[in-house]
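Below: the structure, in structure tokens.
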Amino acid sequence: MSLREKVIEFFYYSATTTRKSRNLFTLVGALAYLTLFGLVIVFFLRLDKFLGFPEVFTFPLNLVLGLLFLVLGLVLYLSSVFYFIQARGTPIPLNPPPRLVTTGPYGRIRNPMLTGVFIMLFGLGILLQSISLLFIFTPLFILFNVWEIKAIEEPELERRLGKEYLEYKTKVPGFIPRLKGKGK
């Protein structure tokens with residue numbers, strides 16, 4: 001069994017195990033993710049200073065644009081979390097809802113939580129005037145997450161939710177909503 005298959009198996013196991021185990025996975029996963037995320041952001045802010053990068057946007061433009069992106073991303077993220085919680089799941093992939101969520105933002109895009117995080121990261125980069133957050137970390141973060149979804153999360157969802165997820169995947173785009181075309 002390859003490492004990828006082992007990771008998929010772990011995600012499947014964590015999503016289908018007891019409620020108590022899923023809650024523990026949620027706590028540990030959230031703490032690990034937030035800690036790593038915070039450390040990486042601090043690293044890239046220090047990288048800006050070390051490399052002497054100039055400010056991307058000056059005050060007050062950085063404040064206005066940064067907060068605009070942060071609020072838009074946060075609204076999308078929190079509305080997505082709301083629908084996950086309604087379906088008795090969490091945003092942590094180790095404790096997802098037991099059924100497919102297709103309402104709210106999930107009716108327009110399959111990964112609204114991550115899309116919200118991506119938007120917030122751009123806002124944070126603008127707000128903190130960080131070239132490395134905007135043009136190095138955020139694009140790398142997006143690429144890594146798209147890879148992770150394709151390599152691990154989607155195969156696990158296909159295994160756990162079957163045909164329902166496969167049909168949903170063909171109808172709903174991953175990150176950017178489709179514009180309605182003629183005759184739709």
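The values are calculated or read from the model by the stated rules, or taken from the named source; none is laboratory data. All values derive from a computational prediction rather than experimental measurement. No Cβ is skipped: glycine too gets one built from the backbone with ideal geometry, and neighbour counts run over all protein chains shown.
Looking at the structure I just gave you, is Ile152 closer than 26 Å to Leu65 by Cβ, touching a residue at least 12 places away in the same chain (Cβ under 8 Å) and hydrophobic (A, V, I, L, M, F, W, C)?
Values: closer than 26 Å to Leu65 by Cβ: no; touching a residue at least 12 places away in the same chain (Cβ under 8 Å): yes; hydrophobic (A, V, I, L, M, F, W, C): yes.
So Ile152 does not fit the description; no.
Taking segment 22-61, which residues are modelled with pLDDT of 85 or more, of a type in the set (Ser, Thr, Tyr) and surrounded by 13 or more Cβ atoms within 10 Å (Cβ to Cβ)?
Residue satisfying the conditions is Tyr33 alone.
Which condition number does Glu156 fail, the rest of (1) surrounded by fewer than 17 Cβ atoms within 10 Å (Cβ to Cβ); (2) over 30 Å from Leu51 (Cβ atoms); (3) of a type in the set (Asp, Glu) being met?
Among (1) surrounded by fewer than 17 Cβ atoms within 10 Å (Cβ to Cβ); (2) over 30 Å from Leu51 (Cβ atoms); (3) of a type in the set (Asp, Glu), the lone unmet condition for Glu156 is (1).
In segment 136-153, what residues are hydrophobic (A, V, I, L, M, F, W, C) and out of contact with any helix residue (DSSP H, G or I) (no Cβ under 8 Å at 6 or more places or on another chain)? Steps first, answer last, please.
Pass one, segment 136-153, residues hydrophobic (A, V, I, L, M, F, W, C): 136-137, 140-144, 146-147, 149, 151-152.
Once the filter is applied, which keeps residues that are hydrophobic (A, V, I, L, M, F, W, C) and out of contact with any helix residue (DSSP H, G or I) (no Cβ under 8 Å at 6 or more places or on another chain), segment 136-153 yields Leu140, Leu143, Phe144, Val146, Trp147.
Please count how many residues of segment 158-182 are touching a residue at least 24 places away in the same chain (Cβ under 8 Å) and among the aliphatic types (A, V, I, L, M). Write out each step before concluding.
Quick first cut of segment 158-182, residues touching a residue at least 24 places away in the same chain (Cβ under 8 Å) only: 159-161, 164-165, 168-169, 172-177.
Among the residues that remain, those that are also among the aliphatic types (A, V, I, L, M) are: 161, 172, 176.
The number of residues fulfilling the criteria is 3.
Does segment 105-123 contain at least one residue that is of a type outside the set (A, V, I, L, M, F, W, C), closer than 23 Å to Val28 by Cβ, in contact with a Lys or Arg (Cβ under 7 Å, 6 or more places away or on another chain) and not in a helix (DSSP H, G or I)?
no
Would you please name the residue that is surrounded by the fewest Cβ atoms within 10 Å (Cβ to Cβ), looking only at residues in segment 78-103 that are farther than 22 Å from Leu31 by Cβ and over 16 Å from the mean Cα position of the chain (by Cα)?
Only one residue fits best here, namely Thr103.
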